[in-house]
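A.B. asks: Sharing a structure here in C-alpha cells format.
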Amino acid sequence: MIIKSKNDYCLEPFYETQLESQTELIIDLQWFASAEEEGRTEEPSEHKLRKAREEGRVAKSTEINGALVLLLPVIAIIILAPWIFNSCVEIIKFYFDRCVSAELTDSALVDAFYNYFIKLVLPIGLTAMVAGVVGNIVQTKGFLFSTKPIEPKFSKILPKFGQYFKKTIFSMEGAFNVFKSLFKVVILFVASYIIISSDLETLLSMMNVSLWSGVCYIAKMAAKILLVAAVVFLGVAIPDYFVQKKQFMESMKMTKQEVKQEYKDMEGDPLVKSRLRQQMRNLLYQNLPKAVSEADVVITNPTHYAVAVKYDKNVMQAPIVNAKGEDEIAMRIKSLAKENNVEIVENKLLARELYTKVEIGDIIPEEYLQAMAIILAKVYKLKGKR
C-alpha cells in the first residue's frame, strides 16, 4: 500500500517502474483534508445554499426522525391501549366462536385477519408516517421535494474510500456517531434495568395471575421502556441536529475563487441586478434626508437630475457631491431641499455633468469649479454668508 501526498505526484514514473508487478492501493492524503486545508475558508453564499436545497441537500439529522417515529407511535399505543385491548379480545372471540363451525372457511379467516390487522395497525402506521413527515418538515424549514438524491451517479457506485474513511473513522463525525450509539445503548439498558428491577417481585408473581392480567402487565412495562427509550433518543437527536448543521455548513464552505466566480455569474442575472438596484435605492432613500439637509445648494436639470452640493471651506479643499438622483429620486431631493431651506438652483448642463461624472462623496472636478463658485457665491449672498 502506498500513501501519497499531493506533492508526490511528480514521482509517478518512479512508482510505475519500481512497482510494475505489484498491485497498488494509492491513498491520496488530500482526501483527509479539512475545509480550511482545501482552501474553502469562505462562508457559503445564499445562492449556493439555495442551490443545495433545490438538490435536496440540507442540514438534517436522521436521529430526530427515528426518535419521533418511535415516540409518537408509543404515545398513540398508550392512548389507544383500551381500544387495542378490546380489538384483541374481539379477534380471539371471533376465532373461538367459529373454530368448530363450518362458517370458518379459509377465505373468511383471511378476511377477518385483514380487517382486524388494518384496524389495529393503520392508526399506529399513520402516526409513524406523520411523525416522519413532521420530523423532515421541521428540520428542512418547510416541505422539500427533490429527485436529485435518487438520481443514479457513478460516484455513488464507486465512492472515494478516503472520504468514507474520513467520515466514519478519522473524524469527529465518526467519533460522535460511535458516542451516540454507545450512549443510547447504555441509557436504554440502564432504563430497562431500573424499570424491570423496580417491579421484579410483581413480575415473578405473574404465574399466579390470569393470562390477560399477565399480558397487560408485560405490555404496560414494554410501553414504559419504549417511552423512556424514545425520550432518550429525542434527547440525543436534538444536539445531533446542531452537529449535523455545523458539518453541513462546513461542507458548503467556498474558496475565494468560487466566491469570485459566483459573483461574476450572478452579476449578469437580471433578477439579481433588480434586487441590487432596489437595495441601493432603499439605502439612498434612507440617507437622503441627512445628506440633503447638510448640503449648501441643490443643482437641478430641473426635471431629470438633482445634485446636492456641500462645501465647508474650513475642512474641504473643494465642494463635494453630497447626494444625487434622477427622476423620482431627483424629485425627492428637491422636496427635502425645500423642507430644509436649502437653495435650489437650476443649471441644466452642470446638473447633468455632475450627475453623470461625479460620485457621491467625491470632490467636484476642477473644470466645474468656476461654475460652482458662481452658484455658491449667489447662494451665500442670499443666505447672508461671507
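A.B. asks: Look at region 44-62 and say how many of its residues are closer than 30 Å to residue 234 by Cα and part of a loop (DSSP other than H, G, I, E, B).
C.D. replies: 8
A.B. asks: So, one more: Examine region 178-195 for a residue that is assigned to a helix (DSSP H, G or I), at negative phi, surrounded by fewer than 16 Cβ atoms within 10 Å (Cβ to Cβ) and charged (D, E, K, R), and state whether such a residue exists.
C.D. replies: Scanning region 178-195, I find no residue that is assigned to a helix (DSSP H, G or I), at negative phi, surrounded by fewer than 16 Cβ atoms within 10 Å (Cβ to Cβ) and charged (D, E, K, R), so the answer is no.
A.B. asks: Another one. Given the structure, is residue 230 farther than 30 Å from residue 85 by Cα, under 30 Å from the mean Cα position of the chain (by Cα), among the aliphatic types (A, V, I, L, M) and in the same structural domain as residue 66 (by TED's automatic domain parsing)?
C.D. replies: For residue 230, the condition - farther than 30 Å from residue 85 by Cα, under 30 Å from the mean Cα position of the chain (by Cα), among the aliphatic types (A, V, I, L, M) and in the same structural domain as residue 66 (by TED's automatic domain parsing) - is not met.
A.B. asks: Given the conditions (1) surrounded by 17 or more Cβ atoms within 10 Å (Cβ to Cβ); (2) over 30 Å from the mean Cα position of the chain (by Cα); (3) within 15 Å of residue 127 (Cα to Cα), which single one is not true for residue 81?
C.D. replies: Residue 81 satisfies every listed condition except (1).
A.B. asks: Okay, next question. Looking at region 333-354 only, could you name the residues that are under 15 Å from residue 294 (Cα atoms), among the basic types (Lys, Arg) and touching a residue at least 24 places away in the same chain (Cβ under 8 Å)? Walk me through how you get there before you give the answer.
C.D. replies: Initial filter on region 333-354 (under 15 Å from residue 294 (Cα atoms)): 333-344.
When the remaining residues are screened for being among the basic types (Lys, Arg), the result is 334, 338.
Result: 334, single match.
A.B. asks: Can you find, within region 300-315, the residue that is nearest to the chain's Cα centre (by Cα) among those that are part of a loop (DSSP other than H, G, I, E, B) and over 10 Å from residue 352 (Cβ atoms)? So that I can check it myself, show each step before the final result.
C.D. replies: As a first pass, look at region 300-315 and keep what is part of a loop (DSSP other than H, G, I, E, B): 301-304, 311-315.
Checking the rest, the ones that are also over 10 Å from residue 352 (Cβ atoms) come to 302-303, 311-315.
On the way: 302: 49, 303: 47, 311: 49, 312: 50, 313: 53, 314: 53, 315: 49 Å.
Ranking the qualifying residues of region 300-315, first place goes to 303.
The values are calculated or read from the model by the stated rules, or taken from the named source; none is laboratory data. Note that the coordinates shown come from a computational prediction; the quantities given were computed from them, not determined experimentally. Counting neighbours? That spans all protein chains shown, and the Cβs are built from the backbone with ideal geometry, glycine included.
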